[in-house]
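Peer 1: Let me give you the structure first, and then I'll get to my questions.
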Amino acid sequence: MIPTRKKTALATSADPRRSVTLTVNGESVTREVSVRMLLSDFLRHELGLTGTHVGCEHGVCGACTVHVDGHSARSCLSLVVALDGAEVRTIESVASEDGTLHPLQEAFHACHALQCGYCTPGMIMAILDHLESDRPLDLSDEGVRELLSGNLCRCTGYANIIEAVRLAAARMSLTVEA
């Protein structure tokens, strides 16, 4: 039998804490957090918003993508204390409060643009950053692949995802770069 060690809390001096206030999905949230806490951990463990997935923990895969002050950000690379006062949007806020899916979510469903679904929340957040901005869209295969280049999917060949982006842009009546 292997003896188990009782877990002990780190000393307060080894884990300094700060109060932070964020607006998450339109709601003000104040918490006392470790200065080392990542936004991904804050969302998942402090707020119970588990739609933000953690994949690589190095900012490479894009599974943890959220919006911070209106732009895509890797929540696994962002310290919560550095975001004090920021506005954060997660996948949980994309559908309407009554459960009606966003046109991009509908397009992912209609085009069968997901398989296991692990990468999907981060991918949707990254795509929304572009679809909801004033930046020109290039919906050619190459343009959409470039748009998706920061988000990895290990299940698909991206063909259905590309079609979903095009369908969502059409449903959102977005103009396309010539």
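The values are calculated or read from the model by the stated rules, or taken from the named source; none is laboratory data. Note that the coordinates shown come from a computational prediction; the quantities given were computed from them, not determined experimentally. Neighbour counts run over all protein chains shown; Cβ positions are idealised from the backbone, glycine included.
Peer 1: Taking the stretch 129-144, which residues are closer than 18 Å to ALA159 by Cα and in contact (Cβ under 8 Å) with a residue 24 or more places away in the chain?
Peer 2: LEU137, ASP138, LEU139, GLY143
Peer 1: Another question about this same structure. Look through the stretch 41-56, keep the residues that are more than 13 Å from the chain's Cα centre (by Cα) and part of a loop (DSSP other than H, G, I, E, B), and return whichever of them is surrounded by the fewest Cβ atoms within 10 Å (Cβ to Cβ).
Peer 2: Result: GLY48.
Peer 1: Same structure again: Checking SER19 against (1) surrounded by fewer than 17 Cβ atoms within 10 Å (Cβ to Cβ); (2) not in a strand (DSSP E or B), which single condition isn't satisfied?
Peer 2: Single failed check for SER19: (2).
Peer 1: Does THR23 satisfy the condition of being modelled with pLDDT under 95 and either of a type outside the set (Phe, Trp, Tyr) or closer than 23 Å to SER133 by Cβ (or both)?
Peer 2: no
Peer 1: Quick one: which of THR30, THR8, THR90 is modelled with pLDDT of 95 or more and surrounded by fewer than 18 Cβ atoms within 10 Å (Cβ to Cβ)?
Peer 2: THR30
Peer 1: Just to be sure before I move on: is GLY150 over 26 Å from VAL29 (Cα atoms), in contact (Cβ under 8 Å) with a residue 40 or more places away in the chain and small (Gly, Ala, Ser) in the structure I sent?
Peer 2: Judged against the criteria, GLY150 is a match.
Peer 1: A further question on this structure: Anything in the stretch 30-56 that is farther than 22 Å from ARG17 by Cα and free of Cβ contacts under 8 Å to residues at least 24 places away in the same chain? List them, or say none.
Peer 2: Answer for the stretch 30-56, where residues must be farther than 22 Å from ARG17 by Cα and free of Cβ contacts under 8 Å to residues at least 24 places away in the same chain: THR50, VAL54, CYS56.
Peer 1: Shifting gears a bit: If you take the residues of the stretch 27-75 that are among the β-branched types (Val, Ile, Thr) and out of contact with any Ser or Thr (no Cβ under 9 Å at 6 or more places or on another chain), which of them is nearest to ALA95 (Cα to Cα)?
Peer 2: THR50
Peer 1: Related question: Please pick out the residue among ALA95, ALA113, ALA73, ALA107 that is within 19 Å of LEU128 (Cα to Cα) and in contact (Cβ under 8 Å) with a residue 60 or more places away in the chain.
Peer 2: ALA107
Peer 1: Then there is this: Residue pairs, Cβ under 7 Å, 6 or more apart or interchain, first in the stretch 77-91 and in the same structural domain as LEU39 (by TED's automatic domain parsing), second aromatic (Phe, Trp, Tyr) and assigned to a helix (DSSP H, G or I). List them.
Peer 2: If the second residue must be aromatic (Phe, Trp, Tyr) and assigned to a helix (DSSP H, G or I), the pairs left are VAL80/PHE42.
Peer 1: Please determine whether any residue of the stretch 124-132 is on the phi > 0 side of the Ramachandran plot and either under 14 Å from the mean Cα position of the chain (by Cα) or among the β-branched types (Val, Ile, Thr) (or both).
Peer 2: No; the residues of the stretch 124-132 include none that is on the phi > 0 side of the Ramachandran plot and either under 14 Å from the mean Cα position of the chain (by Cα) or among the β-branched types (Val, Ile, Thr) (or both).
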